[in-house]
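The values are calculated or read from the model by the stated rules, or taken from the named source; none is laboratory data. Model, not experiment: these values are computed from the prediction. We place every Cβ from the backbone using ideal geometry, glycine too, and count neighbours over all the protein chains shown. Heads up: the accessible areas ignore ligands, DNA and RNA and are worked out on the full protein's heavy atoms, side chains in. Shrake-Rupley method; radii C 1.70, N 1.55, O 1.52, S 1.80 Å.
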Amino acid sequence: MTREVGRTTKDLRRINRTSVLTRLYLHGPASRFDLMKATGLSSATVSNVVTDLVADGLVAEAGLLDSDGGRPRTLLEVRPGYAQVAGVDIGETHVQVGLFDWTLDTVATATYPMDEGRPDPAVLAELVRAGLEEVTAKAGVDPATLLGVGVGVPGAVLPDGLVHAPTLGWSDVPFAARLRPHVAAPLHVDNCARTLGQAEMWLGAGRGAERAIVGLLAVGVGAAVATGSPGGVTSTTSEWGHTVVEAGGALCRCGSRGCLEAYVGADAILERYARLAGEPRPPGAPAGRGGGADTEARLAALVAAAARPGPAADTVRGTAEYLGIGIANLVNLLGPDRVILAGWVSAAMGPVMLPAVRDAVRRHTLDYLAGRTVLAMGRLGPEQVALGAATLPVHELLMAGGR
């Protein structure tokens, strides 16, 4: 009986710490009075929790806030220097490792291009090891002291830890097991669209949204459905890239025809451009395979060429139409208040095709849904997927109320 009561008390303490810490982490500095109103906890409970969090080094005082006619209130904020965290982007064209403080400000990054369409998991595990060694050395940090290492992969992470990633040619690959010998800190592996969705809701274009869909456009195409919750954000993935937008259409790497990815994935865009321009397919980019080291440069050249009439401009218009159809399907099905385009293809093509995408979304979406849905670009910068992966250990810390 005593053990049961003790466990319940411990759980309640954790829940209270999580409530206060998450409020400060996601919404910025607040007074004890603000925290009491936001969490519903009593003044005494907030005071006790804050005292504990300050003693643990997670929270610090951040100056005074004037109040009407009363004593100034002390503001509290999370301490960026409390811990550092690493995030890893296993992309189809590169591996990027980022080192961040635990509030997700960038400390150092390392990027390694990939030259093959079906990379050996052991080779990628070695690149992750090298990247972690490089970024921690730049910052003078012991890798074993990191809060954790989050890894985002372009595919499904199954409950038994196996990774199914068609864009990498992986089926049931035990990637976490391959990484573990190279990682001294706690390791987390998840789908990169889901983690990017979480990051956009925390720090980017999704802030304040009740339900946002974050589309990740790269060689592969994925999406996360992110909703606000008392604990912060709930983000789940969908195989958006393998929803059909044209019956009997282009062959997709998954074996089906007419999938969205077969029209708006990076390889598909470049292959369409090559056909329209009458060019042979470039070496190193066979149909249905992942990108290769020059994919991003070739797409950037296409975008530059689209400034004048011709095959590049036609390719951009066609991509925008199919992307708009794919977004409209999500809006009609899920009714989000925000749709966010993220990933390196979005960053490269967004400025030139966003007006056409918005037009296509408007034409294919029910009027009452289109009128309350905002389409926006992601805001997290070039290390967005690595940053998203870094949210994994941070989220675990928040849910535990501390280490």
Is it true that Gly208 is open to solvent by less than 60 Å² (accessible area, probe 1.4 Å), under 28 Å from Val339 (Cβ atoms), of a type outside the set (A, V, I, L, M) and within 17 Å of the chain's Cα centre (by Cα)?
no
Can you pull out the residues in the range 356-379 that are assigned to a helix (DSSP H, G or I) and at pLDDT below 95?
Asp367, Tyr368, Leu369, Ala370
List pairs: first in the range 116-136 and of a type outside the set (Ser, Thr, Tyr), second in a helix (DSSP H, G or I) and open to solvent by 10 Å² or more (accessible area, probe 1.4 Å), Cβ under 7 Å, 6+ apart or cross-chain?
Pro121/Arg178; Ala122/Arg178; Ala125/Arg178; Ala125/His182; Val128/His182; Arg129/His182; Leu132/Pro143
Given the structure, is Ala360 open to solvent by less than 20 Å² (accessible area, probe 1.4 Å), under 20 Å from Ala313 (Cβ atoms) and over 22 Å from the mean Cα position of the chain (by Cα)?
yes
Where in the range 27-107 are there strands (runs of 3 or more DSSP E), lying fully within it, with 1 or more residues that are modelled with pLDDT of 95 or more and under 30 Å from Pro121 (Cα atoms)?
84-90, 94-101
Answer yes or no: is there a residue in the range 218-238 that is β-branched (Val, Ile, Thr), farther than 30 Å from Ala122 by Cα and either in contact with a helix residue (DSSP H, G or I) (Cβ under 6 Å, 6 or more places away or on another chain) or buried (at least 22 other Cβ atoms within 10 Å of the Cβ) (or both).
yes
For residues in the range 142-182 being open to solvent by 10 Å² or more (accessible area, probe 1.4 Å) and in contact with a helix residue (DSSP H, G or I) (Cβ under 6 Å, 6 or more places away or on another chain), which is nearest to Val128 (Cα to Cα)?
His182
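Return the total of residues in the range 14-33 being open to solvent by 40 Å² or more (accessible area, probe 1.4 Å) and touching a Lys or Arg at 6+ places or on another chain (Cβ under 9 Å).
2
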Read through the list (1) open to solvent by 10 Å² or more (accessible area, probe 1.4 Å); (2) closer than 26 Å to Val173 by Cα; (3) in contact with a Lys or Arg (Cβ under 9 Å, 6 or more places away or on another chain), then give the number of the only condition that Ala125 fails.
(1)
Scope the range 339-353; condition part of a helix (DSSP H, G or I) and in contact with a strand residue (DSSP E or B) (Cβ under 7 Å, 6 or more places away or on another chain); matching residues
Val345, Ser346, Gly350
Those residues of the range 38-51 which are crowded, with 17+ Cβ neighbours inside 10 Å and under 18 Å from Arg403 (Cβ atoms), in sequence order:
Val49, Val50
Evaluation of Gly324 against (1) open to solvent by less than 20 Å² (accessible area, probe 1.4 Å); (2) touching a residue at least 60 places away in the same chain (Cβ under 8 Å) (one fails), failing number
(2)
How about the range 94-106: which of its residues are among the β-branched types (Val, Ile, Thr) and surrounded by fewer than 23 Cβ atoms within 10 Å (Cβ to Cβ)?
Thr103, Thr106
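Select, from Pro382, Pro336, the only residue that is open to solvent by less than 10 Å² (accessible area, probe 1.4 Å) and not in a helix (DSSP H, G or I).
Pro336
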So Gly197 ticks every box in (1) assigned to a helix (DSSP H, G or I); (2) among the small types (Gly, Ala, Ser); (3) open to solvent by less than 10 Å² (accessible area, probe 1.4 Å); (4) touching a Gly at 6+ places or on another chain (Cβ under 6 Å) but one. Which box is left unticked?
(4)
Which numbered condition Ala110 misses (of (1) at pLDDT 95 or above; (2) of a type in the set (Gly, Ala, Ser); (3) out of contact with any strand residue (DSSP E or B) (no Cβ under 9 Å at 6 or more places or on another chain))
(3)
